[in-house]
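For reference, the structure is listed below as structure tokens.
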Amino acid sequence: MVTTSPTSEVAAPADPPVLELRGLTKRYGALTAVSSVDLNVSAGEILGLLGPNGSGKSTTLNLVMGFIRPTAGEVIIDGHSLRTAPRAALQDVGGLVEGSAFYPYLSGRLNLEMIARLRGLPTGRVDEALELVDLTRAAQRRFGDYSQGMRQRLGVAGALMHHPRLVVLDEPTSGLDPAGTREMRELLPRIASAGTTVILASHLLTEVEQVCTRVAIMQAGAVIASGTIESLMKRRPRWRVRVPASKRARALEILQGVRDTGRVQPLEEDLFLDTTASGSDLNRALLDAGIIASEVVPIVPTLESIFMELTVQAPAS
Amino acid sequence: MSALIAIEFTKIVRRRLNQIVLAVFCGLLVVVYVLLWLASDVVIEVGAAPDVATRLRSTLYLQETVPFAMLMLYSFGFVSGVVVIGSNVGSEYGWNTIRMLIAAEPRRERVLLAKLVTLWVVVVLALLLGLAVMLTTSALITLAAGQFNLSFVDAAYVRDSTYSFLRLLVATAPYFALAALLGVVGKSATAGIAISFGVAFLEGIVGSLMSLAGGWLAEIPPYMLDTNADTLGLANGGQIGAMFGNSSAIGQAFNRPSLWHAAIVLACWAAAFMVASFWAFRRQDLEYQG
């Protein structure tokens, strides 16, 4: 597995961070769900939080929202510790983590009105929020009668209603139809351009790639890589080489000997390798050993390929 | 805090379950009165046990009905209160709405305090409504029997009735607090309701067995819930109080404590359950329940 030093990349030092996670840890008995996570998120950033199921994304977001208590470490929002000053810390935070939560027997509007009242907002904000998520016409219907997509949209409305400085969204497009998904994708940069910081946890890597300015990849409770999408893409280039099956073992040995080459992985008919060597260098090395490659192809990295490389166990040779 | 209480009140009043419980509670009280009146009518007509029938009927008349009404509230009110409190506390976890509340008001103790205060006030109002329903039913029965007059209503009557109601509140308070605690700790309505009933039922049996066992075991029930709650419940007098209360043979057999002792012990239990609720709520993780 390619390793990335998270500590060298986690900080976004330009602005004072809106959110700081310091050694954040959550244990459930013997299970460590989140392990010493350090992460800074600056104003106006859209941070994509990626990771396979069980990697600790939702637990981290639950910790940020104050729903669960850390075993160790600290969450600091706008300079306020969530532990010692929860009210001040969460005043300008809106979140939709793991699904929307409203009273099923009350209308969508009344549910939002309750949040508005708790936050001391004028009722005009309720109308604004309903309009934002296109639920004005369904506002009088009971939340329990809403479809999954409508519930999710109402959750987003509740999270954004008080114009928070930090928005935490966990799979916000879950349950949305394609049009709703596109609207959500368009909404996120819009709210970020107004100075709102967004943390977006999602399995949809293309969605993250399109809207996020920075990503943090989690696995087994830890942040294993973090940085801008461009910086992650500028990792060592990857190549695919196809040689006759009878020569594959020999080709693997040859390619491993090429300067500045990392691991070489055989997968089906191909060999995959990370190297800074050029395609002609690889071809020449193989030709010198009497092996003719039918294909030497550079692999253009995508967020998905980087994610898979970092989080999925390498296939057995 | 006022916003939190207003929200809690809105939620409680608009919830269908609460409306149904209130309707059933009041309906049952009316049914009990009507059935007892009809039963006494039949007994009088048949001519069997005329004393019992007359005593039963006089219990239903307005001038004597308050002790009986309090006993009805003690049983039906207890059940309804536990259902409403356990359900309204526990459902917040099942619906994940507790997370919504905490996101908007992270000071958890205020959220729980507003909820418990509002629930208790609503339950007390429901008990008063139940009392009003029974008094109205009793007045109609008294009127139908041609016995209606209000000459018995004086300061002493009002004072005694108020004390009776206060005794009822103290007797039920720890059970309501227990329902809230179990709703919080169990993070579900089922835990809040079912375990509270289980505790109330089993504790009564265990306490009775300990009293009957004698020796040091018999010294424990006066510090438990059931013995003290019954002491206050039966202290409201009336014929049932006379049969089972402190001064009765049964009451003496069970070594019932004094009223003050009962009130203090129950208040201590209620306070302990409340403190435990706040302690648990402040510390607990509010995971999403799918």
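Would you call A:Arg151 of a type outside the set (Phe, Trp, Tyr), within 20 Å of A:Met65 (Cα to Cα), free of Cβ contacts under 8 Å to residues at least 60 places away in the same chain and crowded, with 16+ Cβ neighbours inside 10 Å? Steps first, please.
On the way: of a type outside the set (Phe, Trp, Tyr): yes; within 20 Å of A:Met65 (Cα to Cα): yes; free of Cβ contacts under 8 Å to residues at least 60 places away in the same chain: yes; crowded, with 16+ Cβ neighbours inside 10 Å: yes.
Considered against the rule, which asks whether it is of a type outside the set (Phe, Trp, Tyr), within 20 Å of A:Met65 (Cα to Cα), free of Cβ contacts under 8 Å to residues at least 60 places away in the same chain and crowded, with 16+ Cβ neighbours inside 10 Å, A:Arg151 comes out as yes.
Of the residues A:Glu253, A:Glu230, only one is over 15 Å from the mean Cα position of the chain (by Cα), surrounded by fewer than 17 Cβ atoms within 10 Å (Cβ to Cβ) and acidic (Asp, Glu); which? Don't jump to the end; show me each part of the working.
Values: A:Glu230 fails: over 15 Å from the mean Cα position of the chain (by Cα).
On inspection, the qualifying residue turns out to be A:Glu253.
Is it the case that A:Pro17 is over 20 Å from A:Arg151 (Cα atoms), surrounded by 20 or more Cβ atoms within 10 Å (Cβ to Cβ) and touching a helix residue (DSSP H, G or I) at 6+ places or on another chain (Cβ under 7 Å)?
Working: over 20 Å from A:Arg151 (Cα atoms): yes; surrounded by 20 or more Cβ atoms within 10 Å (Cβ to Cβ): yes; touching a helix residue (DSSP H, G or I) at 6+ places or on another chain (Cβ under 7 Å): no.
Taking the combined requirement at face value, the residue does not satisfy it.
Which condition does A:Met150 not pass, out of (1) at pLDDT below 80; (2) assigned to a helix (DSSP H, G or I); (3) more than 25 Å from A:Ala89 (Cα to Cα); (4) not hydroxyl-bearing (Ser, Thr, Tyr), if it passes all the others?
Going through the list (1) at pLDDT below 80; (2) assigned to a helix (DSSP H, G or I); (3) more than 25 Å from A:Ala89 (Cα to Cα); (4) not hydroxyl-bearing (Ser, Thr, Tyr), A:Met150 breaks only (1).
Would a scan of region A:97-119 turn up a residue that is in contact (Cβ under 8 Å) with a residue 60 or more places away in the chain, crowded, with 21+ Cβ neighbours inside 10 Å and of a type in the set (Val, Ile, Thr)?
Scanning region A:97-119, I find at least one residue that is in contact (Cβ under 8 Å) with a residue 60 or more places away in the chain, crowded, with 21+ Cβ neighbours inside 10 Å and of a type in the set (Val, Ile, Thr), so the answer is yes.
Can you find, within region A:177-197, the residue that is least open to solvent (accessible area, probe 1.4 Å) among those that are of a type in the set (D, E, K, R) and in a helix (DSSP H, G or I)?
Of all residues in region A:177-197, those of a type in the set (D, E, K, R) come to A:177, A:182-183, A:185-186, A:190.
Filter once more, so that each one left must be in a helix (DSSP H, G or I): A:182-183, A:185-186, A:190.
Details: A:Arg182: 139, A:Glu183: 96, A:Arg185: 69, A:Glu186: 99, A:Arg190: 135 Å².
Going through the qualifying residues, I end up with A:Arg185.
So A:Ala129 fits all but one of (1) open to solvent by less than 20 Å² (accessible area, probe 1.4 Å); (2) within 14 Å of chain B (Cβ to nearest Cβ); (3) touching a residue at least 12 places away in the same chain (Cβ under 8 Å); (4) in contact with a Ser or Thr (Cβ under 9 Å, 6 or more places away or on another chain); what number is the exception?
Exception for A:Ala129: condition (4).
Condition test on B:Phe152, is it more than 14 Å from every other protein chain (Cβ to nearest Cβ) and crowded, with 18+ Cβ neighbours inside 10 Å? Before the answer, list the steps.
Working: more than 14 Å from every other protein chain (Cβ to nearest Cβ): yes; crowded, with 18+ Cβ neighbours inside 10 Å: no.
No, not satisfied.
Can you tell which of A:Gly155, A:Gly144, A:Gly95, A:Gly120 is at positive phi and within 11 Å of chain B (Cβ to nearest Cβ)? Break it down stepwise before answering.
Details: A:Gly155 fails: at positive phi; A:Gly144 fails: at positive phi; A:Gly95 fails: at positive phi.
Every option except A:Gly120 fails the conditions.
Filter region A:154-176 for residues that are under 18 Å from A:Val41 (Cα atoms) and charged (D, E, K, R); which is least open to solvent (accessible area, probe 1.4 Å)?
Taking the candidates together, the pick is A:Asp170.
Given the conditions (1) buried (at least 19 other Cβ atoms within 10 Å of the Cβ); (2) farther than 15 Å from B:Leu129 by Cα; (3) within 18 Å of the chain's Cα centre (by Cα); (4) among the hydrophobic types (A, V, I, L, M, F, W, C), and given that B:Ala69 satisfies all but one, which numbered condition is not satisfied?
It fails just one condition, (2).
If a residue must be open to solvent by less than 70 Å² (accessible area, probe 1.4 Å), of a type outside the set (Phe, Trp, Tyr) and under 29 Å from the mean Cα position of the chain (by Cα), how many such residues does region A:233-250 contain?
Adding up the residues that qualify gives 5.
Is it fair to say A:Arg83 is more than 30 Å from A:Leu204 (Cβ to Cβ) and of a type in the set (Lys, Arg)? Step through it out loud before you land on a result.
On the way: more than 30 Å from A:Leu204 (Cβ to Cβ): yes; of a type in the set (Lys, Arg): yes.
Yes; evaluated as a whole, the condition is true for this residue.
Quick one: which residue in A:Ala216, A:Ala249 is farther than 15 Å from A:Gly279 by Cα and part of a strand (DSSP E or B)? Before you say what the answer is, go through the steps one by one.
Working: A:Ala249 fails: part of a strand (DSSP E or B).
Exactly one residue qualifies, and that residue is A:Ala216.
Just to be sure I understand, how many residues within region A:51-92 are more than 9 Å from chain B (Cβ to nearest Cβ), farther than 30 Å from A:Ser305 by Cα, among the polar types (S, T, N, Q) and in contact with a Lys or Arg (Cβ under 9 Å, 6 or more places away or on another chain)?
Final tally of qualifying residues: 1.
Which ones in region B:97-149 are open to solvent by less than 70 Å² (accessible area, probe 1.4 Å), among the polar types (S, T, N, Q) and within 19 Å of B:Ala69 (Cα to Cα)?
The answer is B:Thr137, B:Ser138, B:Thr142, B:Asn149.
Is one or more of the residues making up region A:118-125 aliphatic (A, V, I, L, M) and closer than 24 Å to A:Thr173 by Cα? Walk me through it before giving the result.
Looking only at region A:118-125, we keep the residues that are aliphatic (A, V, I, L, M), and these are A:118, A:121.
Next, from what is left, pick out any that are closer than 24 Å to A:Thr173 by Cα: none.
For region A:118-125, residues aliphatic (A, V, I, L, M) and closer than 24 Å to A:Thr173 by Cα: absent.
Kindly establish whether A:Thr4 is open to solvent by 10 Å² or more (accessible area, probe 1.4 Å) and modelled with pLDDT of 90 or more.
On the way: open to solvent by 10 Å² or more (accessible area, probe 1.4 Å): yes; modelled with pLDDT of 90 or more: no.
Answer is no for this residue.
Just give me the residues in region A:98-109 being within 9 Å of chain B (Cβ to nearest Cβ), in contact with a Lys or Arg (Cβ under 8 Å, 6 or more places away or on another chain) and of a type outside the set (Ser, Thr, Tyr), in sequence order. Reasoning before the result, please.
Kept after step one, since they are within 9 Å of chain B (Cβ to nearest Cβ), are these residues of region A:98-109: A:98-106.
After this cut, where a residue has to be in contact with a Lys or Arg (Cβ under 8 Å, 6 or more places away or on another chain) as well, the list is A:99-106.
The answer is A:Gly99, A:Ala101, A:Phe102, A:Pro104, A:Leu106.
Quick one: A:Gly73 ticks every box in (1) open to solvent by 30 Å² or more (accessible area, probe 1.4 Å); (2) small (Gly, Ala, Ser); (3) closer than 19 Å to A:Ala201 by Cα except a single one, so which number is it?
Of everything listed in (1) open to solvent by 30 Å² or more (accessible area, probe 1.4 Å); (2) small (Gly, Ala, Ser); (3) closer than 19 Å to A:Ala201 by Cα, A:Gly73 misses just condition (3).
If you scan region B:175-203, which residues turn out to be crowded, with 24+ Cβ neighbours inside 10 Å and over 17 Å from B:Gln284 (Cα atoms)?
Across region B:175-203, the qualifying residues are B:Tyr175, B:Phe176, B:Ala177, B:Leu178, B:Ala179, B:Ser196.
The values are calculated or read from the model by the stated rules, or taken from the named source; none is laboratory data. No experiment lies behind these values; they were computed from the predicted model shown. Heads up, the Cβs are rebuilt from the backbone with ideal geometry, glycines too, and the neighbour counts pull from every protein chain shown. Each accessible area value is taken on the protein alone, full model and side chains, heavy atoms only, with ligands, DNA and RNA left out. Shrake-Rupley method; radii C 1.70, N 1.55, O 1.52, S 1.80 Å.
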